[in-house]
Amino acid sequence: MIKEIMEFLVSTAFEFFTILILLRVMMQLARVDFYNPISQFIITVTNPPLKPLRRLIPGLWGIDFPALLLAIVIQTLDQVLLVVFKGALAFNFMLYVTYGFFGVLDIALQLMKLAVLAQIVISWVAPNSYHPIVILIRQLGDPIMAPLRRLIPPVGGLDFSPMIAILFIHILQKIILPNMQYSLV
């Protein structure tokens, strides 16, 4: 029982830090307001491990490669530690890196889906809110929703683009990525 609790705590801590790093990457790609208090928190928490990596690895084309590499390393370590807790450590390092890479992709897709769902709920509950988290959610969700809104116009005042976005993310997450992962492993 203690072993399962330790597995859960370690996995949760690694996943939470990966979420913060991926949020930082997504915020940079979406060009959100970095003076938002929530953005400042994410930057403050993720800066210490990223500073040394930024000296070694440059970012290119507006993509924060040091942060992505750190997220993959954290997810890889999470996979290794979970296997160590189970007592069945395999010596195929690329297997752990592959699971780490696809773990990062899965978390990124979860964050995108959550941003779209949160935008839907906010549009019903507090459509004109200027709370920092609402602003951040809108800024993170708009790059996902804008291309779909251009393709799918509102019908009768209803915007169906969030449903299409969630469907597309769900297909990626449940069908395409697992098949890619199993073909590589």
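The values are calculated or read from the model by the stated rules, or taken from the named source; none is laboratory data. Just so it is clear, the structure is predicted and the values come from calculations on it, not from any experiment. Don't worry about glycine lacking a Cβ; one is built from the backbone with ideal geometry, like all the others, and counts go over all protein chains shown.
So which residues in the range 50-61 are more than 17 Å from the chain's Cα centre (by Cα) and within 15 Å of Leu23 (Cα to Cα), if there are any at all?
None; the set is empty.
Looking only at residues in the range 145-185 that are part of a helix (DSSP H, G or I) and of a type in the set (D, E, K, R), which one is nearest to Met94 (Cα to Cα)?
Lys174
Exactly one condition in (1) over 14 Å from the mean Cα position of the chain (by Cα); (2) crowded, with 17+ Cβ neighbours inside 10 Å is false for Met163; which is it?
Here Met163 meets the rest and fails (2).
Okay, residues lined up against (1) of a type outside the set (Gly, Ala, Ser); (2) surrounded by fewer than 17 Cβ atoms within 10 Å (Cβ to Cβ):
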{"site": "Thr18", "(1), (2)": "yes, no"}
{"site": "Leu22", "(1), (2)": "yes, no"}
{"site": "Met27", "(1), (2)": "yes, no"}
{"site": "Pro37", "(1), (2)": "yes, yes"}
{"site": "Phe41", "(1), (2)": "yes, yes"}
{"site": "Pro58", "(1), (2)": "yes, yes"}
{"site": "Asn92", "(1), (2)": "yes, yes"}
{"site": "Tyr99", "(1), (2)": "yes, no"}
{"site": "Gly103", "(1), (2)": "no, no"}
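When Pro153 is evaluated against the numbered criteria (1) modelled with pLDDT of 85 or more; (2) surrounded by fewer than 11 Cβ atoms within 10 Å (Cβ to Cβ), which criterion, by number, is the only one it fails?
It is condition (1) that Pro153 fails.
Across the range 1-37, what is the number of residues that are under 16 Å from the mean Cα position of the chain (by Cα) and either closer than 21 Å to Phe85 by Cβ or assigned to a helix (DSSP H, G or I) (or both)?
Going through the range 1-37 one residue at a time, the tally reaches 20.
Say whether the condition of being at pLDDT below 85 and either touching a Ser or Thr at 6+ places or on another chain (Cβ under 8 Å) or surrounded by 11 or more Cβ atoms within 10 Å (Cβ to Cβ) (or both) is met by at least one residue in the range 109-124.
Checked the range 109-124: at least one residue is at pLDDT below 85 and either touching a Ser or Thr at 6+ places or on another chain (Cβ under 8 Å) or surrounded by 11 or more Cβ atoms within 10 Å (Cβ to Cβ) (or both).
For the range 87-97, which residues satisfy the criterion of being farther than 18 Å from Ile19 by Cα and either touching a residue at least 40 places away in the same chain (Cβ under 8 Å) or under 25 Å from the mean Cα position of the chain (by Cα) (or both)?
Correct list: Phe93, Met94, Leu95, Tyr96.
Among the residues of the range 33-65, which ones are under 27 Å from Met145 (Cα atoms), at pLDDT below 85 and touching a helix residue (DSSP H, G or I) at 6+ places or on another chain (Cβ under 6 Å)?
Correct list: Gly59, Asp64.
Of the conditions (1) surrounded by 15 or more Cβ atoms within 10 Å (Cβ to Cβ); (2) closer than 25 Å to Asp78 by Cβ; (3) not small (Gly, Ala, Ser), Pro178 satisfies every one except a single condition; which number is it?
Every condition holds for Pro178 apart from (1).
Name the pairs whose Cβ atoms lie under 8 Å apart, with the first residue in the range 120-131 and without any contact (Cβ under 8 Å) to a residue 40 or more places away in the chain, the second assigned to a helix (DSSP H, G or I), and 6 or more positions between them or separate chains?
Within 8 Å, the pairs are Ile122/Val134; Ile122/Ile137; Ile122/Arg138; Ala126/Val134; Ser129/Ile122.
Given the criterion part of a helix (DSSP H, G or I), within 16 Å of the chain's Cα centre (by Cα), charged (D, E, K, R) and over 18 Å from Arg31 (Cα atoms), identify the matching residue among Asp142, Asp106.
Exactly one residue qualifies, and that residue is Asp106.
Looking at (1) closer than 20 Å to Phe16 by Cα; (2) outside any helix (DSSP H, G or I); (3) not aliphatic (A, V, I, L, M), which is the one condition that is false for Thr44?
The single condition Thr44 does not satisfy is (2).
Please name all residue pairs, on different chains or six or more residues apart, with Cβ atoms under 7 Å, provided the first residue is in the range 160-172 and is closer than 18 Å to Pro143 by Cβ and the second residue is at pLDDT below 90 and polar (S, T, N, Q).
Pro162/Gln119
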